[in-house]
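Everything on this sheet refers to the single structure shown next.
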Amino acid sequence: MLGWALAFLVIAIIAAVFGFGGIATASAGIAQILFFVFLVLFVVALVVRAVRGRNV
């Protein structure tokens with residue numbers, strides 16, 4: 001998921017360089033949403049790992 005966020009960020013940067021403001025804004029918004037979703041899932045995974053311990 002972090003890879004998708006980075007891909008949309010790159011698309012936003014390229015679109016901004018070429019002057020496509022609407023596409024750049026939309027891609028940056030999608031990248032931001034995906035990044036925060038990734039961050040929340042990462043924190044949840046850390047909490048679950050800490051609660052369950054190393055014995056799986």
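Laboratory data are not the source of any read-out in this text; all were calculated from the coordinates shown. None of these values were measured; they are calculated from a predicted model. Cβ coordinates were reconstructed from backbone atoms using ideal geometry, including for glycine residues, and neighbour counts include every protein chain displayed.
Among 44-50, 24-30, sorting by the average number of other beta carbon atoms lying within 10 angstrom of each residue, highest first, gives 24-30, 44-50.
The C-alpha atoms of the chain define a longest principal axis, and helix 21-52 lies at about 10 degrees to it. Measuring nothing but how far apart in sequence close Cα pairs (under 8 Å, 6+ apart) lie, relative to its length, the chain scores a relative contact order of 37 percent.
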